[in-house]
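The values are calculated or read from the model by the stated rules, or taken from the named source; none is laboratory data. Note that the structure is a prediction, hence the values are computed from the model and not measured. Here the Cβ positions follow ideal geometry from the backbone for every residue, glycine too, while neighbour counts run over all protein chains shown.
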Amino acid sequence: MKHCKDLEINLTNGESVDISALDVADEIIAVASLLGEKKSPNEVLKLILTLNFAPNLCIALRILLTLPINVASGETSFSKLKLIKNFLRSTTSQERLNGLATLAIEHELADQIDLKSVIKKFAELKVRKKQF
């Protein structure tokens, strides 16, 4: 019941409530007794749609089945490094690869950098003005 209530809270927008926690809990119990055996969420959704039954559970299952799954967060940096190396291998030095890998791994920190101010500072350092 706690998870149903959490789902109701997350799907509430101001005064608009998409699902009711009590209804979802009742629908889960009804569908579980209907199934009898373990089925995947996709199979349960197909059954609910076929029977035109349990609209709140149908909404919850559709949300569940469309959420991206990210269980390999530790491997992400290594796969990005591999992609970077394959793409830039022939024209890139090891120092540049290390910099690009660091940017990919620390992407959250890199997203916070104001690129316009960095470019402006870099341009000011490299200005070649002639003094008359």
Residue tally, condition over 24 Å from the mean Cα position of the chain (by Cα) and surrounded by 13 or more Cβ atoms within 10 Å (Cβ to Cβ), over the stretch 1-29: 9
Helices (runs of 4 or more DSSP H) enclosed by the stretch 33-132 - at least 2 residues per element that are within 30 Å of residue 21 (Cα to Cα) and modelled with pLDDT under 80: 55-66
Count of residues meeting criterion [of a type in the set (A, V, I, L, M, F, W, C) and over 17 Å from residue 79 (Cβ atoms)] in the stretch 93-115: 4
Candidate set from the stretch 12-32 (those that are free of Cβ contacts under 8 Å to residues at least 40 places away in the same chain and assigned to a loop (DSSP other than H, G, I, E, B)); member that is nearest to residue 60 (Cα to Cα): 20
